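The values are calculated or read from the model by the stated rules, or taken from the named source; none is laboratory data. Quick caveat: nothing in here was measured; it's all calculated off a predicted structure. Here Cβ is always computed from backbone atoms with ideal geometry, including for glycine, and neighbour counts include all displayed protein chains.
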Amino acid sequence: MTEEQLQIQSLAREFAEGELRPHAEEWDRDAHFPREVIGSLGELGFLGMLIPEEWDGLGMDTTTYLTALEEIARGDASVAVAMSVHNSLPTQMILAHGSDAQKERWLRPMARGELLGGFALSEAEAGSDAAALAAQATRTDGGWVLNGAKAWITNGGFGDVMVVMARTDTPGDRRGAKGIGAFIVPTDAEGYIVGKKEDKMGQRASETVGIAFKELFVADDQLLGEPGMGFIYALQGLDNGRMGIAALATGIAQAALEHSLGYAAERKQFGTAVREFQGMQWKLANMAVRIEAARALTHRAAAAKDAGEPVSRLSSMAKLFASEAAMYVTTEAVQVHGGYGYVKEYPVERLFRDAKVTEIYEGTSEVQRTVIARELYRQ
Ligand code: CAA
């Protein structure tokens, strides 16, 4: 890594170890998101790392950003997912497809961390089949009226601005994936209704809510790009997002390995520290290898993005491999701890639960395999 990347890494590590890790257990238990941490991430510049300096971001490369995100996840995965969604999806979509006026109004404060962003694609009946979404945008004077409901929305309640995908085609003229628009919607808009907060297995501190739109008016200047291109923009956004989830999963796995190394050195059985047993050494070695491989693949995807190369395949590969590695490593971490890994007193119990959703959100492992296979057939 470059000198600058190492500096950012140690800044993120220091923040995660000082401000996140000591509270992670309590935030998980109470399913409480520390909203004030968003202010601190903004001050560090971590909410605008990929946004050019002309829009008040840090204008950094993707590898540097993912290195910071991994460190944040090593401290607390729930905080990391809020950071990842904001950086990868709404801000990147506005940067890529927004007008200068939209960037001035939305992107600049998002880059400074004054507005926290979210991404509203999934619905109760449109998860993996995201193009089947039903929320409707209906043309009206000077803009559109949104009606419908979204599910599983990270930052959907306490966030400030969502990029919302809704149908812009009409019931009599359905256009599938090409009949969807992407709209910039502030969460204080009239008709923006926050629904049930999910009571989750892991990443419990991150806020995941349903949201509904009831006759919610969005002006023409809140539509991103072309009215029928929102789904394509969302998939492009997910190409960024998935490498973010890969870095996040790697951070969870790294934390689990560190706890396991510490425990295996302290725990004595049969008269010796358990790390002296070959069975334990093989476990720890297998965990470390998967983490390095996940990190390498994630950084490979990041390098491709920064070089302007196509990233769908690599991003899906990184997410698939890193999330499965996180499940492998955290499962082994519980095993290394024996009975103590199964109780909440030890952090690997939480890390095991936190890892699972990385195989589900931003596209399940099955969807990643589909994307990879389609890309292979295209070559
Ligand atoms: N970039 C740009 N365009 C793309 C693209 C990409 N990565 N992938 C596909 N497209 C284009 C296709 O070329 C196609 O256009 P053409 O017809 O002109 O060729 C169009 O988009 C539709 O593509 P598909 O036919 O492949 O679409 P599909 O309906 O078969 O779906 C899918 C493909 C991969 C399954 C997709 O629906 C998908 O990724 N599903 C998973 C959804 C998902 O990841 N949701 C995450 C929710 S957000 C979240 O979790 C965030 C959070 O809070 C943590």
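Within region 184-205, one or more residues are free of Cβ contacts under 8 Å to residues at least 24 places away in the same chain, farther than 30 Å from residue 97 by Cβ and out of contact with any Lys or Arg (no Cβ under 7 Å at 6 or more places or on another chain). Is it the case, given these coordinates, that residue 273 is crowded, with 24+ Cβ neighbours inside 10 Å and either assigned by TED's automatic domain parsing to the domain that holds residue 322 or among the small types (Gly, Ala, Ser) (or both)? It is false that residue 273 is crowded, with 24+ Cβ neighbours inside 10 Å and either assigned by TED's automatic domain parsing to the domain that holds residue 322 or among the small types (Gly, Ala, Ser) (or both). If only residues of region 132-144 that are of a type in the set (A, V, I, L, M, F, W, C) and buried (at least 17 other Cβ atoms within 10 Å of the Cβ) are counted, the one that is farthest from residue 196 (Cα to Cα) is 144. Residue count for region 53-73, restricted to those that are assigned to a helix (DSSP H, G or I), surrounded by fewer than 22 Cβ atoms within 10 Å (Cβ to Cβ) and touching a Gly at 6+ places or on another chain (Cβ under 6 Å): 1.
Among the residues in region 316-337, are any over 30 Å from residue 276 (Cα atoms) and either of a type in the set (Gly, Ala, Ser) or part of a loop (DSSP other than H, G, I, E, B) (or both)? Among the residues of region 316-337, at least one is over 30 Å from residue 276 (Cα atoms) and either of a type in the set (Gly, Ala, Ser) or part of a loop (DSSP other than H, G, I, E, B) (or both), which makes the answer yes. Reported count of residues in region 317-343, each being farther than 13 Å from residue 260 by Cβ and in contact (Cβ under 8 Å) with a residue 24 or more places away in the chain, is 11.
Quick grid of which residues meet (1) within 16 Å of the ligand (Cβ to nearest atom); (2) touching a His at 6+ places or on another chain (Cβ under 6 Å); (3) part of a helix (DSSP H, G or I); (4) not charged (D, E, K, R):
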| position | (1), (2), (3), (4) |
| --- | --- |
| 210 | yes, no, no, yes |
| 218 | no, no, no, yes |
| 240 | yes, no, yes, yes |
| 248 | yes, no, yes, yes |
| 256 | no, no, yes, yes |
| 263 | no, yes, yes, yes |
| 288 | no, no, yes, yes |
| 293 | no, no, yes, yes |
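Restricting region 158-184 to residues that are more than 15 Å from the ligand (Cβ to nearest atom) and surrounded by fewer than 23 Cβ atoms within 10 Å (Cβ to Cβ) leaves a set whose member that is nearest to residue 91 (Cα to Cα) is 160.
May I ask you to list the residues in region 295-315 that are of a type outside the set (Gly, Ala, Ser), surrounded by fewer than 24 Cβ atoms within 10 Å (Cβ to Cβ) and not in a loop (DSSP other than H, G, I, E, B)? Residues satisfying the conditions are 295, 297, 299, 300, 305, 306, 313. Scanning region 342-352 for residues that are closer than 16 Å to residue 327 by Cα and touching a Lys or Arg at 6+ places or on another chain (Cβ under 8 Å) yields one hit, 350.
Only a single item in (1) under 15 Å from the mean Cα position of the chain (by Cα); (2) surrounded by fewer than 24 Cβ atoms within 10 Å (Cβ to Cβ) is not met by residue 86, and it is number (2).
Residue-wise test of (1) closer than 27 Å to residue 134 by Cβ; (2) touching a residue at least 12 places away in the same chain (Cβ under 8 Å); (3) not acidic (Asp, Glu).
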| residue | (1), (2), (3) |
| --- | --- |
| 210 | yes, yes, yes |
| 223 | yes, yes, yes |
| 229 | yes, yes, yes |
| 232 | yes, yes, yes |
| 246 | no, yes, yes |
| 262 | no, no, yes |
| 270 | no, no, yes |
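The set of residues in region 225-238 being more than 21 Å from the chain's Cα centre (by Cα) and either among the aromatic types (Phe, Trp, Tyr) or away from the ligand (no atom under 14 Å from the Cβ) (or both) consists of 227 alone. Consider region 239-256 and keep the residues that are over 12 Å from the mean Cα position of the chain (by Cα) and not polar (S, T, N, Q). The one that is surrounded by the most Cβ atoms within 10 Å (Cβ to Cβ) is 252. Screening 102, 92 for residues that are under 30 Å from residue 68 (Cβ atoms), outside any strand (DSSP E or B) and within 14 Å of the ligand (Cβ to nearest atom) leaves exactly one candidate, 92.
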